[in-house]
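Colleague: Mind having a look at this structure? Questions to follow.
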Amino acid sequence: MSELDQSERENEHAHEHDRGNIFERAGRFYRQVIAELRKVVWPSRKQLTTYTAVVLVFVTFIIAVVSLFDLVLTKITFWVFG
């Protein structure tokens, strides 16, 4: 048995012991989520409005491009197959 195998087994055993029951894990997960959300830099109202407008314009543009592409392919299909 190599040192690596022994070390891996010890880490797995220690990890299983640290997990705790389902309620402890759920509580820890909830606390970690809250801690991460506190680190988030939230956008201002102006930034949010700008980002929303950019997304809406981009989505509208993509819809127009796909619709035009679909129209052209439909016309070509009807022209070829009658």
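Just so it is clear, none of the values below were taken in a lab; they were calculated from the coordinates. Everything numeric here is computed off the predicted structure, so don't read it as measured data. Here the Cβ positions follow ideal geometry from the backbone for every residue, glycine too, while neighbour counts run over all protein chains shown.
Colleague: Could you run the Karplus curve 6.51 cos²θ - 1.76 cosθ + 1.60 with θ = phi - 60° over the stretch 38-54 and give me ³J(HN,Hα) per residue in whole Hz, x for Gly and Pro?
Modeller: So the J values, rounded to whole Hz, are 5, 7, 5, 8, 7, x, 6, 4, 5, 4, 4, 5, 5, 4, 5, 4, 4.
Colleague: How compact is the stretch 43-82 by the rule of thumb for globular proteins, expressed as Cα Rg over 2.2 N^0.38 Å?
Modeller: On the way: Rg = 17.2 Å, N = 40, 2.2 N^0.38 = 8.9 Å.
So the Cα radius of gyration is 1.93 times the expected 2.2 N^0.38 Å.
Colleague: Which whole-Hz ³J(HN,Hα) couplings does the stretch 66-82 yield from phi under the Karplus relation 6.51 cos²θ - 1.76 cosθ + 1.60, θ = phi - 60°, glycine and proline marked x?
Modeller: In residue order, the calculated couplings are 5, 5, 5, 4, 5, 4, 5, 5, 5, 4, 5, 4, 5, 5, 6, 9, x Hz.
Colleague: Local charge sum around THR52 (other residues, Cβ-Cβ under 12 Å, Lys/Arg +1, Asp/Glu -1)?
Modeller: Details: positive: ARG45, LYS46; negative: none.
Once all neighbours under 12 Å are counted, the net charge is +2.
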